[in-house]
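Comments concern the structure below.
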Amino acid sequence: MTFTPTLSPTVLSDRALALAQTLVRMNTVSCNSNLELIHFIRDELKKSGVTSRLTFNAGKTKANLFATLGEGKPSGVILSGHTDTVPWDGQEWSVDPLSATVRDGKLFGRGSADMKGFIALALAQADTFLNAPAPFAIHLAFSYDEEVGCFGVKELIADMKDAGIQPLACIVGEPTSMVPAIAHKGVYRYKCCVRGKEAHSSLTPQSVNAIEMAARVVGKLRDMAEGFERDEPRYEGFDVPFSTASVGQFHGGIADNVVPRDAEFRYEFRDLPTADAQAMQKEVLAYALRAEPAMKKIAPEAGFRFETICEVPSFLGSADDAVTRLAQRLSGEARTTQVAFGTEAGIFKRSGISTVVCGPGSITQAHQPDEFVSLEQLARCEAFLRGLAVSDALA
């Protein structure tokens, strides 16, 4: 493959920066609609004669966007990004999170690094991709609700398959400092609701204490976490090279002298690509089930109920994958990396699409007060995308 950059990797185009600022100024926190942003991208692409496919959530308040630049070319490479952001409530910012302030060579604002910068860069290259000599099309795939469980992308992929679109590969533009990432852990979150039987605290034998029963399962989760740390084969390259389990929230009880009828807690597994989070969850379910007979002997209605919050699969690519080698060439990086955070990459990979994660900025800035992405990182990514447009092959 030949690669002749058409843009200095240290100079960001005015259009790319303007688009990034426009997107950052749109409030797309996951609890809000993302339609303002999606409709803006749709209308920008329409100016270039590109038709977008939108897939909506059940309430029609959010949408994914899928567009093909280079219709008629065989297959294509997906540029994937999520449009939602995390909130900034309670964080101390020195700038308005929606101001898209440029200062000291950095673009500040919620979503600047995670990951509206990448989306803006891909959109800015629409005409370049349309007129590109590359033998493959470029697909833009922008999803909703990634931050709360990667829900939107599953609808996007299903729609893509229904339309008979079979991409060659996918580049997920999450912030990796432009170093191609070939692995990350999965994120599996669950809620456990415990129903006991209330009573005056002087009559505990006549009750089922929901908090105490919940605590037994929490203890089981802690035992499992210690077992992962002690026994699980290490996967070097991760900050934490073993699977983890943790409890994030716990609620229960109404007064000191009332045995609590109800308790609820939330927990997660972050599994290595070589582990099985669903097997971990089955172990928890089996443990809770063994505790129920004693509970029901006192109160037939007592027991455990589990709900799935999200299941984001781990991702495992390879340094030998063609899309990884392509990302290395375009980024100028000889190495690859593994990241601690979850992305949509595992979902694309499990749908049969070879995938790599590579995008501008650092995850250490994401979700933080004064989130930013450097203009130098954006410029590097813009050069990467323009190089993709003139690539003569994927392999």
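Put simply, the C-alpha atoms of the range 198-333 give a gyration tensor, and the ellipsoid matching it has half-axes of 42, 14, 13 Å, longest first.
Note down the magnitude of the dipole of the chain about its Cα centre, charges +1 on Lys and Arg C-beta and -1 on Asp and Glu C-beta and zero elsewhere, to the nearest 20 debye.
On the way: 40 positive and 48 negative charges, 133 e Å.
Using Cβ point charges on Lys, Arg, Asp and Glu, the chain gives about 640 debye.
Normalised per residue, the accessible area of the chain is 42 Å², obtained with a 1.4 Å probe and no contribution from ligands, DNA or RNA. Comparing Leu130, Leu156, Phe118 along the charge dipole axis of the range 87-166, the residue lying farthest to the positive side is Leu130, per the Cβ-charge model. The magnitude of the dipole of the range 243-395, with charges of +1 and -1 set on the Cβ of Lys/Arg and Asp/Glu and taken from the Cα centre, is near 340 debye. Convex hull volume of the C-alpha atoms in the chain, normalised per residue: 151 Å³. A simple spin-label model places pseudo-atoms 7 Å from Cα toward Cβ; at Thr22 and Glu236 they are separated by 4.8 nm.
Could you work out how much longer the chain between Lys73 and Asp223 gets when fully extended? Use 0.36 nm per residue separation minus the Cα distance between them, nm to one decimal.
48.7 nm
For the range 153-197, backbone nitrogen atoms closer than 17 Å to the point 7 Å from Ala215 Cα along Cα-to-C-beta are found at 194-197. Test of understanding: in a Gaussian network model of the chain with alpha carbons linked when under 10 Å, which of Pro180, Pro87, Pro300 would top the mean-square fluctuation ranking? Taking springs between Cα atoms under 10 Å, the residue moving most is Pro300.
Surface composition of the chain: carbon and sulfur make up 50 percent of the accessible area, probe 1.4 Å. Result for the chain in a Gaussian network model with C-alpha springs under 10 Å: among Ala158, Ala134, Ala379, the largest mean-square fluctuation is at Ala158.
The values are calculated or read from the model by the stated rules, or taken from the named source; none is laboratory data. Because the structure is a prediction, the values reported are computed rather than measured. Backbone-built Cβ (ideal geometry, glycine too); neighbour counts: all protein chains shown. The area values use the complete protein model at the heavy-atom level, side chains included, leaving out ligands, DNA and RNA. Shrake-Rupley method; radii C 1.70, N 1.55, O 1.52, S 1.80 Å.
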